[in-house]
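Chemist: Before I ask anything, here is the structure I am working with.
The numbers here are math on the coordinates, done by the rules we state, and not lab data. Quick caveat: nothing in here was measured; it's all calculated off a predicted structure. All Cβ positions, glycine included, derive from the backbone under ideal geometry; neighbour counts span all protein chains shown.
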Amino acid sequence: MHEHCGVIGIFSFKEEDIVPALITGLEALQHRGQESWGISVPNAPPFKRSGVISQSIDREIENISKLKGAVGIGHVRYSTTAKSTLKNAHPIKIGSSNDYGFCIAHNGTLERDLLAEYLREKEFSFSTGRTDTELMGLALYKNLKDGRNWVEAFRKINPYLNGSFSIVVLTNKNELIAARDERGFRPLCLGWHEEKSSYVIASESCALDAIGARFIRDVEPGEIIKIDKNGLTSERFSEEKRHAHCPFEYTYFANPSSRIEGINVYLARKNIGRILAEIYPLDGDIVIPVPDSARPAALGYSEKSGIPFEEGLMKDRYRKKGSWRSFIEPKKREKVVSNILAIKDVIEGRRIILIDDSIIRGTSSRIIIKKKLKSAKEVSFLITFPPVMYPCYAGIDFPTQRELLAYRVCKGIKNLDEINKRVAEHIGVSFLGYNSVEGLSRGIGLPLSELCLSCTTGDYSCMKRKPKFKTRKEMKK
C-alpha cells in the first residue's frame, strides 16, 4: 500500500528549542511515510530531505543544528497523489512573508478538481500541477487575506474539501494550527510535555511517547486548534455527527503502541485475530504471522484456537537501515519481501496457518507462499482485512481498481466464500479466508457506522461526493 503520512507540531511556552523533539517525533512516525521528511520553524525556509530520517540525519546534522525555534511542524511523506519528488515534500510554504502566510503539513488526500474549482470561482490565480495540499493551502490563504480567521476560513472551504485531512500549520505569526476533517478519516492527537511546557500535536500517540509527552486526547473530527503565546483555543468548523475512521490504521498503518479513538492498536489487532479464529476454526500445526504488523493478530488467533504460535518468517534487520514496508513502498515490494527470511526448521513439513493484515495487489503474498513457504506441508492463509475491491480516495495509495487483486480475480462477486476460493487459487494456498466487515468492526471495537469501508463495499457516502475513478497516471500528475 502507499500514502499515508505523519505530521507533528510543537509549541513551547518556555520558548525552548523544539527542533530535536520534532525530529524525534518524526522518527517515531517514520512507519507512516518513508519517501521524504521535513520540518519548518520560524524565520527559515522549510527544511526537506528525501528518504528516511536515519539515512540523512548524520550528514545533515550541521544544517539541522542551525534551525532553532520554540514552535515548529514536521512531516514524513508517503505520496498518494502527486509525484514523489522533493518539491512535493512537506511542509509546504503558502503565501508571502506577510501576516497571512504559513507553512502546512498534511496527512490525507483531497479531491484536487473540487479545490481548483473553488479557486477559479474566487478568481484566484494559481499555476497548474498543484498538489491537493497546495490547493487547500491557497484556498485557506485566500480567505485569510479576505479578513477571515482560521475557523471561518475552514468553514468557507469545507464544502470543497472532499476527502481526508489531518494538518498542522505554522503561521507567520508563530501560531501552531491543527485541524482534522469532519469525518475523522485520519488520526490526530493532542499531548502535553511538562518539562518543556509544550503542547504537541501528532498523527499518533507513539510520537508523544517518544518525546516524553503525555497524551491528552484525540483531536475531534471537525475541530480546529490554535496554540499561541496566550494558550490553546479550540473551535469547531463542522458538526458532522457521522464519522468514518479508517480501519487500516488499526490493522496496518498505526504503531501498535498508539491509541486511536481510545483504542489501543496492538490490542485491536490481537482481538481481530481472535475473531478470525471464531470465523475460521482451522486445523493446523502452527500459526505464523507475515512480519510485522500481523504479529498481534496471529498471536490472538493462536490463543483463541490453541494452535501454537511460531515465528516462521523473520525480517532481515541487518541488511539495511530503515523500516521499509511493502505497502508504503510499492516500487520496492519484491525487494522488501526478499528481506523476509524463512526459518526452515520451523516451517518444513508443517501445516501452517499464515496470518497477514491485508491483500492489496497480491504481489507480496504470492512471493511469500511460493518462495518462502515452499517446504511447508500445507498453507492456509487468513487476512485480517476484508477484500479490497474499490479504490481509496481518503489517504491510501490504491487509486485504481485494476491494481486490486480481489477485484481482478472476483469482479462482480459478492459472496465471501466464493471470493475466498478464487483468491486462494490465485495465491496458491489450500485455503484462504478474508475477515468480514462485521468481524473487522467487532475486532477493532468501533461500530460499522463509525468506519470508512468504501474500499471493500464501494459505498462512498461518507465523502461529499463520489470520487471520479482515475488511472494511477492521472492521480500522479
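Chemist: Please grab the % of Cα pairs in the stretch 102-159 that end up more than 13 Å from each other. Don't jump to the answer; show the numbers that get you there.
Modeler: Working: 959 of 1653 pairs.
Beyond 13 Å sits 58 percent of the P(r) for the stretch 102-159.
Chemist: Related question: First select every other residue whose beta carbon is under 11 angstrom from the beta carbon of residue 151; then total the charges, Lys and Arg +1, Asp and Glu -1. Display every interim value, and only then the final one.
Modeler: Numbers: positive: 148, 155, 156, 226, 236; negative: 152, 223, 235.
Charge balance near residue 151 sits at +2.
Chemist: Could you tally the net charge around residue 111, taking each other residue with its Cβ under 9 Å from the Cβ of residue 111, Lys/Arg +1 and Asp/Glu -1? Intermediate values should be presented prior to the final figure.
Modeler: Details: positive: 112, 464, 465, 468; negative: 113, 132.
In short, +2.
Chemist: In whole percent, what relative contact order does the chain give with Cα contacts below 8 Å and a gap of six or more residues? Walk me through the intermediate numbers first.
Modeler: Values: 1132 pairs, mean separation 73.2, N = 477.
With pairs under 8 Å counted, the relative contact order is 15 percent.
Chemist: Oh, and also: Under 5 Å between amide hydrogens, which residues at least 5 positions from residue 185 or on another chain qualify, with H placed 1.01 Å from N in the peptide plane?
Modeler: Here 165, 244 satisfy the definition.
Chemist: Under the rule a/c < 1.5 gives rounded, and otherwise a/b versus b/c splits prolate from oblate, where does the stretch 123-277 land using the Cα gyration tensor?
Modeler: Working: a/c = 2.26, a/b = 1.44, b/c = 1.57.
Taking the square roots of the gyration eigenvalues as a ≥ b ≥ c, the stretch 123-277 is oblate.
Chemist: Test of understanding: what is the full-extension gain from residue 120 to residue 436, defined as 0.36 nm times their sequence separation minus their Cα-Cα distance?
Modeler: 109.4 nm
Chemist: Where the centre of each part is set by its Cα atoms, how far does the stretch 23-43 sit from the stretch 408-461, in angstrom?
Modeler: Result: 33 Å between the Cα centres.
Chemist: Tell me the volume per residue, in Å³, of the convex hull enclosing the alpha carbons of the stretch 259-475. Each step should come with its number before you reach the end.
Modeler: Values: hull volume 27.6 nm³, N = 217.
For the stretch 259-475, the hull spanned by Cα atoms encloses 127 Å³ per residue.
Chemist: Write down the Kirkwood hydrodynamic radius of the chain, to one decimal in angstroms, obtained as one divided by the mean of 1/r over all alpha carbon pairs.
Modeler: Details: mean 1/r = 0.0439 Å⁻¹.
Here the Kirkwood hydrodynamic radius works out to 22.8 Å.
Chemist: Additional query: Could you line up 150, 37, 192 from fewest to most neighbouring Cβ atoms inside 10 Å? Could the numbers behind the result be given before it?
Modeler: Numbers: 150 22, 37 29, 192 15.
The fewest-first ordering by Cβ neighbours comes to 192, 150, 37.
Chemist: May I pose another question? Neighbouring Cβ atoms within 10 Å as the yardstick, rank 195, 175 fewest first. Please report the intermediate quantities before stating the final value.
Modeler: Values: 195 10, 175 17.
Ascending number of Cβ neighbours within 10 Å: 195, 175.
Chemist: May I ask you to compute the full-extension gain from residue 240 to residue 279, defined as 0.36 nm times their residue separation minus their alpha-carbon distance, rounded to one decimal in nm?
Modeler: Values: separation 39, 0.36 × 39 = 14.04 nm, distance 3.42 nm.
10.6 nm is the gain from fully extending residue 240 to residue 279.
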